[in-house]
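> Below you will find the structure I want to go over with you.
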Amino acid sequence: MRELLLSLEVAGACALVALLGLVLVVVRRRRLSGRLGSFDCSMRASGSRRWALGVARYETDRLDWYRLFSLSPRPSCSFARGALDVTRRRDAEGHERLAVQPEAIVAECRHGGVEVELAMSTDAYTGFASWLESAPPGQNVNVA
């Protein structure tokens with residue numbers, strides 16, 4: 001009987017920890033999404049087949065990308081505006097359509113010699129392209 005109660009307590013504690021983790025992820029996502037200049041954005045690194053869901057946020061001179069299922073307050077990736085070039089823009093294709101948001105635009109980018117793909121809504125892409133094009137004088141920015 002005692003062992004059963006102990007195992008129920010352990011199971012209850014594990015469920016509570018999992019629920020707390022889920023609540024923290026949801027609260028973090030709401031805080032990130034609620035800020036001005038943020039938008040839903042999936043990312044895939046060069047050579048990878050997996051898309052990671054996330055939220056991107058504009059800063060003055062960079063784009064910060066936060067992994068959706070993380071508790072870290074820091075961005076997972078930061079892209080300097082002056083080093084970020086869009087090499088191609090396309091619609092999501094094939095299996096990608098299941099991994100990114102519906103009707104997403106995929107921006108194939110190069111950042112400091114590394115290729116990365118960012119998937120976002122059409123409206124978000126319009127804002128992204130405008131942000132890149134409005135770079136201060138002297139920064140060479142290419143938008144496909």
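The values are calculated or read from the model by the stated rules, or taken from the named source; none is laboratory data. Treat the numbers as computed from the prediction; the structure is a model and nothing was measured. Backbone-built Cβ (ideal geometry, glycine too); neighbour counts: all protein chains shown. These accessible areas exclude ligands, DNA and RNA; they are computed on the full protein's heavy atoms, side chains included. Shrake-Rupley method; radii C 1.70, N 1.55, O 1.52, S 1.80 Å.
> Condition (residue is hydroxyl-bearing (Ser, Thr, Tyr) and either closer than 22 Å to Tyr66 by Cβ or in contact with a Cys (Cβ under 6 Å, 6 or more places away or on another chain) (or both)) applied to the stretch 100-122: is it met by at least one residue?
Within the stretch 100-122, one or more residues are hydroxyl-bearing (Ser, Thr, Tyr) and either closer than 22 Å to Tyr66 by Cβ or in contact with a Cys (Cβ under 6 Å, 6 or more places away or on another chain) (or both).
> Having 3 or more residues that are without any contact (Cβ under 8 Å) to a residue 12 or more places away in the chain and open to solvent by 20 Å² or more (accessible area, probe 1.4 Å) is the bar; report the strands (runs of 3 or more DSSP E) wholly within the stretch 36-144 that clear it.
In the stretch 36-144, no matching strands (runs of 3 or more DSSP E) lie anywhere.
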